[in-house]
1. Expressed as an acute angle from 0 to 90° and rounded to the nearest 10, what is the orientation of the C-alpha long axis of helix 83-99 relative to the principal long axis of the chain?
2. Pulled fully out, how much extra length does the chain show between residue 58 and residue 7, if you take 0.36 nm times their separation in residues and subtract their Cα-Cα distance?
3. To the nearest 10 degrees, how steeply does helix 10-33 sit against the main Cα axis of the chain, on a 0 to 90 scale?
4. For the residue pair residue 97 and residue 36, what label-to-label distance in nm results when each label sits 7 Å from Cα along the Cα-to-beta-carbon direction?
5. Answer with a single label: of (1) 26.6, 94; (2) 18.5, 61; (3) 16.3, 66, which was calculated as Rg and Dmax of the Cα atoms in Å from the structure in view?
6. What's the center-to-center distance, using Cα atoms, between the stretch 58-117 and the stretch 9-32 in Å?
7. Quick check: pseudo-label points 7 Å beyond the Cα along Cα→Cβ at residue 68 and residue 49, how many nm apart are they?
8. Report the extension gain between residue 21 and residue 111 in nm, rounded to one decimal, defined as 0.36 nm multiplied by the number of residues separating them, less their alpha carbon distance.
């Protein structure tokens with residue numbers, strides 16, 4: 001019994017690699033073109049004053065205008081703040097809530113205006129505190 005040697009030429013290797021690599025490259029390019037949905041997270045870990053309110057409003061407007069952001073989580077750990085700035089953020093949050101779901105996650109504190117903002121969301125998740 002005699003086995004013949006099979007010789008593979010460089011031309012055959014190139015054709016095999018082309019048939020393997022070309023669909024792989026096309027698949028990668030197609031998957032890169034498909035938009036992916038994300039969940040936006042907005043952090044409030046300071047008192048609500050003019051600068052923090054401006055930052056929050058900017059982030060809320062960004063989340064509202066971008067369609068790839070499907071929902072927003074508002075992570076709050078704040079002692080509250082001024083009435084005017086809190087109300088401005090609350091109104092922007094209400095505009096966002098008409099379009100996308102908003103969930104609030106309360107860390108260790110959400111007093112005064114921070115609590116007011118969390119009430120304006122669809123759901124509130126709070127960690128238990130030692131006080132009860």
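Readers should treat all values here as calculations from the given coordinates under stated rules, not as data from a laboratory. These numbers were taken from a predicted model, which means no experiment stands behind them. So basically every Cβ, Gly included, is an ideal-geometry build from the backbone, and we count neighbours across all protein chains shown.
1. Between the helix axis and the principal axis of the chain, the angle is about 40 degrees.
2. Numbers: separation 51, 0.36 × 51 = 18.36 nm, distance 6.57 nm.
Taking 0.36 nm per residue and subtracting the Cα distance, the gain is 11.8 nm.
3. On a 0 to 90 degree scale, this one is about 20.
4. Those two pseudo-labels are separated by 3.0 nm.
5. Derived directly from the coordinates: (1).
6. With the stretch 58-117 and the stretch 9-32 each reduced to a Cα centre, they are spaced 48 Å.
7. Using points 7 Å along Cα→Cβ, the separation is 3.5 nm.
8. Working: separation 90, 0.36 × 90 = 32.40 nm, distance 5.78 nm.
Once the chain is fully extended between residue 21 and residue 111, it gains 26.6 nm.
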